[in-house]
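Q: The structure follows.
Where a number appears in this text, it was derived from the coordinates with a stated rule and is not lab data. For clarity, every value in this text was computed on a predicted model and none was experimentally measured. Cβ atoms come from the backbone with ideal geometry, glycine included; neighbour counts cover every protein chain shown.
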Amino acid sequence: MEMNSKGTAPIGVFDSGVGGLTVAREIMRQLPQENIVYFGDTARVPYGSKSKDNIIRFSRQIIRFLETKDVKAIVIACNTASALALDTVKEEFDIPIVGVIVPGARAAVQATKNGKIGVAGTEATIRSETYTKVIRQMKPEASVIGKPCPLFVPLVEEGFAKHKITEEVIDIYLSDMRKTDIDTMILGCTHYPLLRSRIMEYFGERVHIVNPAYETAMDLKAVLAEQNIANESGESATYEFYVSDAAEKFAHFANTILPYDVTAAKQINIEEY
Ligand code: DGL
């Protein structure tokens, strides 16, 4: 077997903003030896209301930026970018790229007993029907009900996850889905795992809630092993954070969800890439 020369190079993780930190958190937990360079596109968030062309353009720019950091693999932590840009960028770049949709769909297919799966996500993710297509490739008889829940993103970002208004918004978006007999539901947006306990409470025990972040970190682990590029240096991992705007606000939010002290995030001009 070849020497593992890329091992210490970082993993590039990107998202439209802070939400992808839920995926970075899972990578830190499951792959504590891996260095990470995170980019949050805080100047152009939300992606969930943007067109496919723009989401592809943004994703290309971010991957070009991450390549300047010599990353050995990329994780598209954003569901919307995974749904709309992953196939395109995978063909264009010569680097392993992992998205969140396939891992999330796989976890749901493994969990469901009756083949009825709900997906909550952004407008763009649900409109693309990517989750439905991927689930059906894995389980053709599955039935999938998608629901865009755009207000969940600002509620989480404004720190309203535990506020009672969030309960009402959950009810407004998900009451129709609750009336169906789905037995599994995918949190198909980076921010929604931060509402996980509220959504679990709302659906009760009969619905299994899938957080794609967990499976994504497992997929990344498999890719690193397959390509023989896992970090085996034994050194403790380093994490770097870049954003396209509002670096201080990002660092503050990051510190509320990461098991790591984010002292600073650097702002870059992503339009240069
Ligand atoms: N990161 C996005 C996602 O997972 C949510 C926020 C946005 O709309 O950009 O789909």
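Q: Helix 247-257 versus the longest principal axis of the chain: what is the Cα-based angle in degrees, 0 to 90, to the nearest 10?
A: It is inclined by approximately 60 degrees.
Q: Checking the a/c ratio against 1.5 first, then a/b against b/c, what shape does the Cα gyration tensor give for region 181-273?
A: It comes out oblate by the Cα gyration axes.
Q: For K164, what is the net charge nearby, where nearby means another residue's Cβ is under 13 Å from its Cβ and Lys, Arg count +1, Asp, Glu -1?
A: -2
Q: While we're on this one: With everything on Cα atoms, drop me the angle between helix 21-30 and the longest principal axis of the chain, reported from 0 to 90° to the nearest 10.
A: 70
Q: Between the alpha-carbon centers of region 26-78 and region 109-180, tell me the distance in whole angstrom.
A: 22
Q: What shape does region 40-81 have by the C-alpha gyration tensor, where a ≥ b ≥ c are the square roots of the eigenvalues, rounded means a/c under 1.5, and otherwise prolate means a/b greater than b/c and oblate the rest? All intermediate terms of the calculation are to be shown ahead of the outcome.
A: Values: a/c = 2.04, a/b = 1.94, b/c = 1.05.
In terms of gyration-tensor shape, prolate.
Q: Based solely on its DSSP helices, what 222 nm [θ] is calculated for the chain when runs of n ≥ 4 H residues each add -39,500 (n - 2.57) and the sum is averaged over all residues, nearest 500 deg cm²/dmol?
A: Counting only the DSSP helices, I get -13500 deg cm²/dmol.
Q: Straight distance only, please: which lysines reach the Cα of K72 with their own Cα at less than 24 Å, same-chain residues fewer than 8 apart left out?
A: K6, K90, K221, K266
Q: Still on this structure: Relative contact order, percent, of the chain when contacts are C-alpha pairs under 8 Å separated by at least 6 residues? Mind showing how you got there, number by number?
A: Numbers: 515 pairs, mean separation 76.5, N = 273.
After rounding, I find 28 percent.
Q: Pull out the extension gain between E201 and A43, defined as 0.36 nm times the separation in residues minus the alpha carbon to alpha carbon distance; nm, one decimal. Could you put the intermediate results ahead of the total?
A: Numbers: separation 158, 0.36 × 158 = 56.88 nm, distance 3.35 nm.
My answer for the length gained is 53.5 nm.
Q: Can you compute the modelled spin-label distance between S233 and R64, with each label point 7 Å from Cα toward Cβ, in nm?
A: In this crude label model, S233 to R64 measures out at 2.8 nm.
Q: Out of T180, T190, T130, any idea which swings most in a Gaussian network model of the chain, alpha carbons joined below 10 Å?
A: In the Gaussian network model the winner is T180.
Q: Further question: Could you pull the Cα extents of region 69-165 along its three principal axes, largest to smallest, in whole Å?
A: If we take the Cα atoms of region 69-165, the spans are 45, 39, 22 Å.
Q: Right, something else. Please report, in cubic angstrom per residue, the volume enclosed by the convex hull of the alpha-carbon atoms of the chain.
A: Value for the chain: 125 Å³ per residue.
Q: What lysines does K147 reach when the alpha-carbon gap must be under 19 Å and sequence neighbours fewer than 8 apart in one chain are set aside?
A: Filter leaves K50, K52, K116, K133, K179.
Q: Using a simple spin-label model with points 7 Å from Cα along the Cα→Cβ vector, what separation in nm is obtained for T263 and K179?
A: 5.5
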